[in-house]
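Student: Below you will find the structure I want to go over with you.
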Amino acid sequence: MHFHVLTLFPEMIMQGLDTSIIGRAIAKGIISLEAVNIRDYTTNKHGKVDDYPYGGGAGMLMQAQPVYDTWKAVSDQIDAQGREGKKTRVIYVTPQGQTFNQSMAKEYAKEEDLIFLCGHYEGIDERVLEEIVTDYVSIGDYVLTGGELPAMVMIDAISRMVPEVLGNEDSGETESFSNYLLEYPQYSRPEVFRGKEVPKVLLSGDHKKVDEWRLEQSIERTRKQRSDLYEKWEKENQDYFIKKAKREARKRKKACKSQV
Ligand code: ADE
């Protein structure tokens, strides 16, 4: 996966993503990251990239020319490397976009190249957006000062879904949001911390019981914290409740028998 970020603050992107798991994946060549400075492509002799909006209004807009020429240079470079730069998805990070989620991260992780366009000021001239952008994506219903942080958030989430970026192959599958459920609580040593004990089932060595407990915890946590996700999960997992009821009935029967 090759990430290309069109930005006025390339150092923010490079410094922000060059650590920990993502930094290691870059060092190993599993993913690559380049941040391209839009200002380097302006034809304005003073290096200006913004201007007043037609029709008036607050603030400045990023102009079409430097943005288009930066995209063209990056696309040509992808073409020159034998991939299809002109068809590469261009994600404009904007509060007006579709809200980013885990399944989008998984979908984007299948691409060979992704171009992110980061806006500043009051936005970008609509004509260049129409020309180059394929996806409008937001990270949530709040407004940030620029697109760099949202782009970094998305690149981090997408990179984790690229094969071999995470050490443990299945940790991307068992975590929050896979199958609409939030992740279950986890515990490590010591067994007692400030008087609180690790749940007994986790020390039992019975993997089936541990899995059952974890699933129940995930379901309960999702029901409490994210009713929107819980409803989706419930709709798709009716059989879980039927099986659970049967299991409990069996247990009750067994308990009755042992009393007799
Ligand atoms: N730019 C400014 N705010 C944003 C947001 N919430 N999501 C994506 N891009 C943005």
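The values are calculated or read from the model by the stated rules, or taken from the named source; none is laboratory data. Every value quoted in this text rests on a predicted model; they were computed, and no experiment measured them. Heads up, the Cβs are rebuilt from the backbone with ideal geometry, glycines too, and the neighbour counts pull from every protein chain shown.
Student: Could you please find all residues in region 134-165 being of a type outside the set (A, V, I, L, M) and either near the ligand (Cβ under 8 Å from one of its atoms) or in a loop (DSSP other than H, G, I, E, B) (or both)?
Tutor: Thr134, Ser138, Gly140, Asp141, Tyr142, Thr145, Gly146, Gly147, Pro150, Pro163, Glu164
Student: Assuming Trp71 fulfils every condition listed in (1) outside any helix (DSSP H, G or I); (2) touching a Leu at 6+ places or on another chain (Cβ under 7 Å); (3) aromatic (Phe, Trp, Tyr) apart from one, which condition is it?
Tutor: (1)
Student: While we're on this one: Considering only region 7-64, state which residues are without any contact (Cβ under 8 Å) to a residue 24 or more places away in the chain and small (Gly, Ala, Ser).
Tutor: Result: Ser20, Gly23, Ala27, Gly29, Gly47, Gly55, Gly56.
Student: Let me ask another. If Tyr121 meets every condition in (1) in a loop (DSSP other than H, G, I, E, B); (2) within 10 Å of the ligand (Cβ to nearest atom); (3) aromatic (Phe, Trp, Tyr) apart from one, which number is that one?
Tutor: (2)
Student: Picking from Met1, Met62, which residue would you name as being modelled with pLDDT of 95 or more and over 30 Å from Asn179 (Cβ atoms)? I'd like the intermediate steps shown before the answer.
Tutor: On the way: Met1 fails: over 30 Å from Asn179 (Cβ atoms).
Answer to the selection: Met62.
Residues are listed down the side, and each one gets a yes or a no for (1) without any contact (Cβ under 8 Å) to a residue 60 or more places away in the chain; (2) in contact with a helix residue (DSSP H, G or I) (Cβ under 6 Å, 6 or more places away or on another chain); (3) loosely packed, with under 10 Cβ neighbours inside 10 Å; (4) at positive phi:
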residue	(1), (2), (3), (4)
Glu148	no, yes, no, no
Met161	yes, yes, no, no
Phe177	no, yes, no, yes
Leu181	yes, yes, no, no
Lys208	yes, no, yes, no
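Student: Among the residues of region 192-203, count how many are surrounded by 12 or more Cβ atoms within 10 Å (Cβ to Cβ) and over 34 Å from the mean Cα position of the chain (by Cα).
Tutor: 0
Student: Hey, another quick one. Considering region 78-102 alone, what residues qualify as being surrounded by fewer than 19 Cβ atoms within 10 Å (Cβ to Cβ) and part of a strand (DSSP E or B)?
Tutor: First, pick out the residues of region 78-102 that are surrounded by fewer than 19 Cβ atoms within 10 Å (Cβ to Cβ): 79-84, 86-87, 89, 95-99, 101-102.
Those that are surrounded by fewer than 19 Cβ atoms within 10 Å (Cβ to Cβ) and part of a strand (DSSP E or B): Pro95, Gln96, Gly97, Gln98, Thr99.
Student: Sticking with this one: What are the residues in region 41-99 that are small (Gly, Ala, Ser) and more than 30 Å from Lys110 (Cβ to Cβ), if any?
Tutor: Of everything in region 41-99, those that are small (Gly, Ala, Ser) and more than 30 Å from Lys110 (Cβ to Cβ) turn out to be Gly47, Gly55, Gly56, Gly57, Ala58, Gly59, Ala64.
Student: Same structure, new question: Any idea which of (1) closer than 26 Å to Lys224 by Cα; (2) under 12 Å from the mean Cα position of the chain (by Cα); (3) of a type in the set (A, V, I, L, M) is the one Val162 doesn't satisfy?
Tutor: The number of the failed condition is (1).
Student: Condition first: under 17 Å from the mean Cα position of the chain (by Cα), farther than 19 Å from Asp113 by Cα and surrounded by 11 or more Cβ atoms within 10 Å (Cβ to Cβ). Now tell me which residues in region 10-47 satisfy that.
Tutor: Result: Gly16, Ile21.
Student: Of the conditions (1) more than 24 Å from Ile158 (Cα to Cα); (2) assigned to a strand (DSSP E or B), Leu114 satisfies every one except a single condition; which number is it?
Tutor: (1)
Student: Which members of region 104-118 meet the condition of being without any contact (Cβ under 8 Å) to a residue 40 or more places away in the chain and away from the ligand (no atom under 16 Å from the Cβ)?
Tutor: Glu107, Lys110
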